[in-house]
Amino acid sequence: MSVTLELPLALHILEAVLAESKYVASNEKATEADAAVAKALGSAPAAEFANVNKWFSEVKPSEEAAAPAAAEDEDDIDLFGSDEEEDAEAERIKAQRVAEYNAKKANKPKTIAKTTITLEIKPWDDETDMEAMTKAVKDIAMDGLLWGGHQLVPIGYGIRKLQINCVVEDDKVMLDDLTDLITGLEDYVQSVDIAAMQKI
């Protein structure tokens, strides 16, 4: 396999490729492509190409392999020319890497933003049926809404407020919509306040 490199542009491209991947055509192990590119380079480049130097020290041809390589016909390694076969191979490798990246990106689970909310719901008076009010609130169903624990908290004159927790998916549940649904329970609910909110 012969490789054509146009320096120093090729070194900058190679540096960028090796910043993303350990090897030229694979992130797992060196391949023929690595050996061919290393052979085309001949020696380690300037220190500014840190990724190329690190890669070259791992894949550089052994001394036994280097001797026959030195005797090879100069037409096989043309640092300033172009080789259509190698251009096609480079395009194939590039297309493969783009496809792998897109597949990895598609398989990555999307993070769902959620918020835990504590609501304080006040009844009209001390005669309000708090169990019925709690049930009516928990019967409110929305995609992305999950009700949690609750408690009744005394606020004076025999009146208790309902303190209830819920978790909402931020993209699916608007807080205004939820509080509107709760205040819509007019037989029980006088007002709704948000006691606490925390992103999770």
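Given a Förster distance of 41 Å, report the FRET efficiency between THR111 and ALA88 from their Cβ-Cβ distance, rounded to the nearest 0.05.
The formula returns an efficiency of 0.55 here.
Straight-line reach from LYS105: which lysines have Cα under 30 Å away, leaving out those fewer than 8 places along the same chain?
Within the straight-line limit of under 30 Å, LYS105 reaches these lysines: LYS22, LYS29, LYS54, LYS94, LYS114, LYS172, LYS199.
Measuring with a 1.4 Å probe in the full set of protein chains, what accessible area per residue, in whole Å², belongs to region 113-178?
Accessible surface, normalised per residue, equals 56 Å².
Straight-line reach from LYS122: which lysines have a Cα under 23 Å away, not including same-chain ones fewer than 8 places off?
List returned: LYS135, LYS138, LYS161.
Using Cα-Cα distances under 8 Å and only pairs 6 or more residues apart, what relative contact order does region 114-199 have, in percent? If you can, show how the numbers build up before the last one.
On the way: 149 pairs, mean separation 42.7, N = 86.
Once normalised by length, the contact order is 50 percent.
Hey, what's region 7-59 come to in accessible area per residue, 1.4 Å probe, Å²?
Details: 2910 Å² over 53 residues.
Ligands and nucleic acids excluded, the figure is 55 Å² per residue.
Keeping the other protein chains in place, figure out the carbon and sulfur percent of the accessible area of region 114-199, with a 1.4 Å probe.
Taking all protein chains in place, region 114-199 shows 47 percent carbon and sulfur surface.
Within the accessible area of region 7-59, what % is carbon and sulfur when the probe is 1.4 Å and the other protein chains stay in place?
C and S fraction of accessible area: 55 percent.
The values are calculated or read from the model by the stated rules, or taken from the named source; none is laboratory data. Everything numeric here is computed off the predicted structure, so don't read it as measured data. Note that we place each Cβ from the backbone using ideal geometry, even for glycine, and neighbour counts take in every protein chain shown. In case anyone asks, the SASA skips ligands and DNA or RNA and just uses the protein heavy atoms, side chains included. Shrake-Rupley method; radii C 1.70, N 1.55, O 1.52, S 1.80 Å.
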